[in-house]
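S.K.: Pasting a structure below so you can have a look.
Since every read-out is calculated from the coordinates, none of them should be taken as a lab result. Everything numeric here is computed off the predicted structure, so don't read it as measured data. Using ideal geometry, Cβ is built from the backbone for each residue, glycine included, and neighbour counts are taken over all protein chains shown.
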Amino acid sequence: MQNPLFDSHYRVIALDLPKSMLKGFIAIHRKFPNIPSFGATRMAHYRTDQEMLDDALKLSRLMSYKNAMAGLPYGGAKAVIMLPSRVTLAQKKNILRAYSEKVNELAGSFITGADVGIDDYDLKVMYEKSKYMVGLKSKPVPYTALGIYYALRVGLREIFGSDSVSERTFAIQGLGKIGSNLLKLIYKEAGKIYAADTNPDTRKNIKKTYPKVNLVPPEKIFSLQVDVFSPCALSGAINKSNVNKLQCKIVAGGANNQLESPEMGRRLFENKILYAPDYVINAGGLISVADEYENRRINNERLLGKLQVIARNFRAIISTSNNKHLPTNLVADQMSEKILNRKYEPQITAVRI
């Protein structure tokens, strides 16, 4: 495979079933003997098959890094499904059922759940067809937000000498599942909170629930003078067009692949903005679904204990960054690759089912 995003992936599977309208990819980045690879399923509008494949390749690699840093034994994977521009509820169910049957054909080597575009109702449809789904029992979203909150406090202590959220100012980009849960955690204590979302209904509901939030246009959320900027929407939040407009001290959010390129991490570092690597701090949901897979019953106390790895990792990354004068994203990547390289032997296949 000539795609520059192909990183010795263990397996890349193209899904193309016109009868059920299923079109997508399953990318397994790393697969270790006798254990599955973990990664959620994303359903979104993609302009081309190439754009969809690129997303699968990037996100699956990120999942390997996320597993490694979370101390989990699993390899990383990701599935992306094309959401047609016009689709009925019945058609969407057919797509998800057909997809779930393809997951079954992988015989447990791929464990998946809900990502962008997949809600609990969709996940229930997938559960009905496949036993290789996770997330309905463990409810990963609140744990994702909580992990970000733990890391956020580590960042606050590093920059301001105190981990208190009190009186700190925040700008949250995206008020979906993760952004709204993070807002809930900081709302009572924080100083000013600015937020942006492209969905008018979401903005209306957020303002009703959290009246003190200052809603701003999406194009202005980057340039606000705040303590913390939290990207909680889609990929590429920090890019060439806005990286020098940021007036925050910390970037810590829930979106995946926040940096348009690794170069953006260096630019943040040079601008003296502390970047919390996304796959390190948003691993709470992964930790929760892995716990669901490993245990018959959900135990909140056990999960809260496991989430502490996020704060420990971020502290270690900051320490290495300071000592070696390296951007935090580069430090995190090096740590992840060191863990993965100790146990991975490439077994490359690319197939179509």
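S.K.: So for the chain, averaging the separation of alpha carbon pairs under 8 Å that are six or more residues apart and normalising by length, what relative contact order in percent results?
M.R.: Once divided by the residue count of the chain, the mean separation gives 19 percent.
S.K.: Could you tell me how far the Cα centroid of segment 1-32 sits from the Cα centroid of segment 37-85, in Å?
M.R.: 9
S.K.: Continuing with the same structure: Over segment 137-204, calculate the relative contact order: mean separation of alpha carbon pairs under 8 Å at least 6 apart, over the residue count, as a percent.
M.R.: 33
S.K.: With both partners inside segment 20-81, how many of the DSSP beta bridges are antiparallel, as a percent to the nearest 5?
M.R.: 50
S.K.: Pick the calculated semi-axes √(5λ) of the Cα gyration tensor in Å for this structure from [x] 41, 28, 18; [y] 31, 23, 20; [z] 28, 24, 21?
M.R.: [y]
S.K.: Alpha carbon centre of segment 253-332 versus segment 136-162: separation in Å?
M.R.: 9
S.K.: May I ask you to order 69-82, 88-101, 33-46 by the average number of other C-beta atoms within 10 Å around their residues, highest value first?
M.R.: The most tightly packed comes first, giving 69-82, 33-46, 88-101.
S.K.: Suppose we keep just the DSSP beta bridges with both residues in the chain; what percent of those would be antiparallel, to 5?
M.R.: Numbers: 13 of 42 bridges.
The answer is about 30 percent antiparallel.
S.K.: Do you know the relative contact order of segment 11-136, to the nearest whole percent, from alpha carbon pairs under 8 angstrom that are 6+ apart?
M.R.: Contact order relative to length: 30 percent.
S.K.: What does the net charge come to around V228 if you take all other residues with beta carbon closer than 15 Å to its beta carbon, with K and R at +1 and D and E at -1?
M.R.: Summing Lys/Arg as +1 and Asp/Glu as -1 gives 0.
S.K.: By how many degrees, between 0 and 90 and to the nearest 10, does the Cα long axis of helix 89-105 differ from the longest principal axis of the chain?
M.R.: That works out to roughly 70 degrees.
S.K.: Arranged from highest to lowest average of other beta-carbon atoms within 10 Å per residue, in what order do the peptides 196-208, 303-315 appear? Display every interim value, and only then the final one.
M.R.: Values: 196-208: 14.3, 303-315: 18.2.
Per-residue mean Cβ counts within 10 Å order the peptides as 303-315, 196-208.
S.K.: For the chain, with the dipole built from +1 on Lys and Arg beta-carbon atoms and -1 on Asp and Glu ones, taken about the Cα centre, which of Q258, I28, N295 lies farthest toward the positive end?
M.R.: About the Cα centre, the residue reaching furthest to the positive side is N295.
S.K.: I would also like to ask the following. Please list the non-local residues whose amide H lies under 5 Å from the amide H of Q247, H modeled 1.01 Å from N, same-chain partners needing a gap of 5 or more.
M.R.: HN-HN under 5 Å from Q247: L224, V226.
S.K.: Taking the Cβ of Y150 as the center, what net charge do the other residues with Cβ under 11 Å away carry, scoring Lys and Arg +1 and Asp and Glu -1?
M.R.: Net of charged neighbours comes to +2.
S.K.: Let me check I've understood the local charge: for I186, count other residues with C-beta under 13 angstrom from its C-beta, Lys and Arg +1, Asp and Glu -1. What total comes out?
M.R.: My count for the surroundings of I186 gives +2.
S.K.: Going highest first, how would you order 105-114, 55-64, 233-242 by mean Cβ packing within 10 Å? List each step's numbers first, then the result.
M.R.: Values: 105-114: 19.9, 55-64: 25.1, 233-242: 18.1.
Taking the mean over residues of other Cβ atoms within 10 Å, the ranking is 55-64, 105-114, 233-242.
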